[in-house]
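Presented below is the structure to which this report refers.
The values are calculated or read from the model by the stated rules, or taken from the named source; none is laboratory data. Computed from a predicted model, the values in this text were never measured in an experiment. Ideal geometry is used to build each Cβ from the backbone, glycine not excepted, and the neighbour counts take in all protein chains shown.
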Amino acid sequence: MDMKEFVYATILSAGLLAVISTLLHDYLKGKLAHYEFYDKACLMLGGIFVIVGLTLFILGRLKVYNREGFFSLRVSFFQACLVGALFASSCGVAGVVYSYYHFSRSAVEVKWSIGIYKSLSDEPFSFIEQDVTNPVLTADDINDVPAKGVADPFMIREKGMYCMFFEVVNAKTHQGDIGLAISNDGQNWSYSQIVLHERFHLSYPCLFKWQDEYYMIPESSKTRSIRLYKANQFPSSWSFIKTLLEGMDFVDNTIFYYDNNWWLFTGTGNNDVLRLYYSTTPLGPWIEHPESPIVQGDANIARPGGQVIVFNDRVVRYAQDCDPYYGNQVWAFEITTLTKERYEERKIFDRPILKGFDNWNTGGMHHICPCKVDGNIWIAAVDGKDKGF
């Protein structure tokens, strides 16, 4: 093997190694089922290079065939190897560059903020931005930690005062804490403080009331568990009570009470699995429903997207759409059958109930928490991502 052949072989080996290691990494991480945008861009680029490479190889083979015979190839084989190596290397470089670009922009420029929407009817299905200047809360409103985003709002009305709990992403540690904001009218909000901080990431502070006491189940997937907290002094002081479930990366845990039982939705997998549990009390023990996973292999409708609403003996769950990219819009489902043995649901509309159209949310919307106020009026705390992505 001369020096030229050695160089061709080295480039080919390096390119193939890069592609194989990338695919193996994605496979082990469970990412192959639902590629995100940059993955699809790399596949498209790779496909173009495959077509070009095969075309060049076939044309080169035909040229040699016309001169010396179809199998009388000398350097043509290594030229084909070079094309393959360039294809593999280009895909690898494109993936690395785009991933760096994507994550750096996400970390620096893309910001999640919180807004208030109003319902167009007496049902919690059609919400729009109306008579409110959104967003009502941004990272700039957080004054006790350096923040780069706020999201996952859960809103309740208690004694004429609105309380909103939400994720605050620390700009220095990139860890999530739970923050609190207060409002007298549900439209104008004042940030209060961080009310729950742990050594691990917290988000999605699902709030509920039981036996006249307030409880919270924030997402704590880094601990591979679902943790229950109780208000010592509502709304500003909280303490850990117990672990409800453990052993998986539970995300966006959503609890609600219906038909004399407590129910708990949670997401697992790669944003494409929805599980359901039930118990007689929020303290457990929690039993997985016989039809769980309720959703499997569908990242468009699996991951919980906000508080489950029970009204007029109807149950509505919201699902964030994570395909083709995380948290781009929200769907509404009515649960038509919910017993310890059976589960059925239907999509309420053939269009999402949340999809960003304004500067503060055109990058995506992935959460809604409706709250019934005077009469049959619904308002909702929502979040949105700017168009930096």
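Per this entry, Glu198 is counted among residues that are assigned by TED's automatic domain parsing to the domain that holds Ile379 and under 14 Å from Arg227 (Cα atoms).
Just one of the listed residues (Val382, Val316, Val310) is surrounded by 23 or more Cβ atoms within 10 Å (Cβ to Cβ) and either part of a strand (DSSP E or B) or over 21 Å from the mean Cα position of the chain (by Cα) (or both), and it is Val382.
Can you name every residue in the range 227-246 that is over 21 Å from Trp263 (Cβ atoms) and of a type in the set (S, T, N, Q)?
Within the range 227-246, Asn232, Gln233, Ser236, Ser237, Ser239 qualify.
Suppose the filter is outside any strand (DSSP E or B), of a type in the set (Val, Ile, Thr) and surrounded by fewer than 21 Cβ atoms within 10 Å (Cβ to Cβ); does Thr243 pass it? No. Looking at the structure I just gave you, is Asp323 modelled with pLDDT of 95 or more, surrounded by 14 or more Cβ atoms within 10 Å (Cβ to Cβ), not in a strand (DSSP E or B) and not small (Gly, Ala, Ser)? It is false that Asp323 is modelled with pLDDT of 95 or more, surrounded by 14 or more Cβ atoms within 10 Å (Cβ to Cβ), not in a strand (DSSP E or B) and not small (Gly, Ala, Ser). What about Ser190, is it touching a Leu at 6+ places or on another chain (Cβ under 8 Å) and polar (S, T, N, Q)? So Ser190 does not fit the description; no. Entry remark, the range 326-369: residues being of a type in the set (Ser, Thr, Tyr) and part of a loop (DSSP other than H, G, I, E, B) number 3 in total. Screening Arg275 with (1) charged (D, E, K, R); (2) touching a Pro at 6+ places or on another chain (Cβ under 8 Å); (3) under 16 Å from Ser203 (Cβ atoms) gives one miss only, at (3).
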